[in-house]
Every structure is written in structure tokens, then in C-alpha cells.
Amino acid sequence: MKILLAILFICFFLGAMPSRAQESSLEPLADYEELEKEQEMVRRARQYADAGKYIKAADWYRRAAAAQSTSEKRAGYMFLEAENLLLGRKSRRAKEVYFELVNNYRFFIPLHTALEQMRELADYFEHGTGTLLHFPDPGTAIEIYQLIVSCQPGGEQSLADRLVLGKKLEADGQSEAAVKLYQETIKLLPRNPDVRLALAQCLSGLAAKSDGDGELSRAAIREARTFLELATPADPRRGQVTEILTRGQNDEAKRLLERAEFYLVKYHYRPEVARRYLLDIQRNYPDSDVISRVRELLEQHFPEDAAESRPSSIQ
């Protein structure tokens, strides 16, 4: 009985095959027609690209992409569209296509090449190439670099782009955002001197504008000292960092001195508080510009501390 049932099932299955074959018999012809259309669009795109008419080439690649039913082939033609838009200096349109590729088709394109082209595109926006009236657009350049960085989760892999992005943020008046970016990068690469230098420079610049409680100066000093610890003895940037360190120490010493002098005047007189500030300057910033004034005040108000500090100060 089981054998008979198996034979009947096979006969039924084979009997159904002709009708299915008939249903799909037209598909190869339709597929061939679609392939011919695709090849014609690509042929035209290549013709225009070879003639240097990149915008027209991009238009035909866009049509070829729209006709595709698979993500892989669609992404391939979109990538060619973006390349030709970049060559044709159509920065806005190129940005839209690159962003769509990276956000939605990242695994179907040569990502390394796409990121290289996006760096070039960011430079176009930075200098107004292909933008409306050729006005520079640093904000869009920053947006592009933010996407580039997000595509490279590794610290070493994205370091160069992070540093470029940080400088662009600083130039655009977004120094606080740059500080945050540098701090995030330090978490990934705690022993990289380049990031420490970038952060020290950024903090020093912010401190020069406004640093009421000295927090920025102290942070700049910390990063400058860390750079000097991590950098090689022959690093030519050590001189720059020494300047940052000197400026930060002078600013911090001056701020502490102002507090000390405040508590030494008649109406705010709190000598122990003033003494602590003066000793902090002498201990932590012995080479600062205000050290002579500090010693003068110690001699005048706290001669016992001034006497104790003389040997170490000479040394």
C-alpha cells in the first residue's frame, strides 16, 4: 500500500509540472528584454563618461540603479552615479547619493574607496566647489566627516579622520564639540600623543577666551604634560606643547595670585586662605611669571613660609 501511494504521489507531481513550466515559459524572454535595457543604459552612461559628460553619465547610472531588483546591483550603479557626480562637481547631489550608499548599502560597495571620495567631497564643500554660488559650506563638510568617522569604529582606523573632524569643528566655532570628540578618541587610544596634543591645543584656546575657575587651563596643562610623556624625545611638536604648558601655568598662577591678593585686603582679610593660595603657586608653578610677586607677598605677610621656601626655590 505504501509503495502504491508513493507512486501515485510522484505521478501527481509530474503531472503538475507541465502547467508550471508553461506559466514560466515567458520569463526568460522578459528577463532578456530587461537585461537589454540595462545594458543599453550602462552603454550610454559609459559613452557620456568617456566624453567627460559626467552629469549625463550619472543620470543614466541612476536609471540603471532604479531598474534593479537586487540591492547589490542597485548599489553598484548608485556608486557609479556618485563617482560621476563627484567628477562633475555636483556636490549636493553627490552627497545625497553617498549618504544613501553608506547608510543603506554599506556592505555592497567598496567602502574604503567611497570614504576616500567622501573626503574629497568634504573638501569641495569646505572651499565652495560645486556649491550654490560657490560659497564655502564648512557645516556640510563637518557632516560628511561625522559620517566617515561613524563608519570606522576602531580608534586607529578612524584616528586621522577624527583629528581632521576636530580641527574642522574648532574652525567652525564648535570647540566644545571638538573637545568631546578628542576625549572620546582618547578613550579609544589613551596613549596616542596626537590626540593629546589636539586636545591640549583646543583647551588652551578655550581657556584664552574665558576660564573663570581655571578648569580649562588645568585640563590643558594635564594634556600637555601627558603629551610630553608619550611623545618621543625628538618629536618636533614638543616646543609647541611647552608653550601651551607655560601659558596654562602662567594663567593658573595669575588666577591664584588674584585670589590671594583679594583675601589680603582689609575688607576681605582671610590670611590663611591667602597663604594657601600663595604656597600652591610656589609649589606647583615655581617658574610662572608671577612667582616674584608671590615671594614678595610671602615675605611681607608670612615670613616663616618665605624662609622655609628659600632653599627649594633656589634649587
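Summary table
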quantity	calculated
0 to 90° range, to nearest 10: angle between helix 27-50 axis and the chain longest Cα axis	50 degrees
Quarter of the Cα convex hull surface for the chain, i.e. its orientation-mean projected area (nm²)	32.7 nm²
Quarter of Cα convex hull surface for region 135-211, i.e. mean projection, nm²	5.2 nm²
Listed residues GLU170, GLU304, GLU243, most fluctuating in the chain (Gaussian network, C-alpha, under 10 Å)	GLU304
With Cα atoms, 0 to 90° folded angle of helix 71-87 axis to the chain main axis	60 degrees
Sites THR246 and ASP213 - FRET efficiency at Förster radius 22 Å, r taken between beta-carbons, to 0.05	0.60
Under 29 Å from LYS266, Cα to Cα: lysines that are on another chain or at least 8 residues apart	LYS254
Choice from ARG270, ARG43, ARG63 showing the highest fluctuation, given a GNM over the chain with Cα pairs closer than 10 Å	ARG270
C-alpha long axis of helix 238-262 to longest principal axis of the chain, angle in °	50 degrees
Candidate lysines for bridging to LYS168, where Cα separation is under 29 Å - those fewer than 8 sequence places away on the same chain excluded	LYS90, LYS95, LYS180, LYS187, LYS209
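No value in this document is a laboratory result; all are computed from the given coordinates. Computed from a predicted model, the values in this text were never measured in an experiment. Glycine gets a Cβ as well: all are built from the backbone with ideal geometry, and neighbour counts include every protein chain shown.
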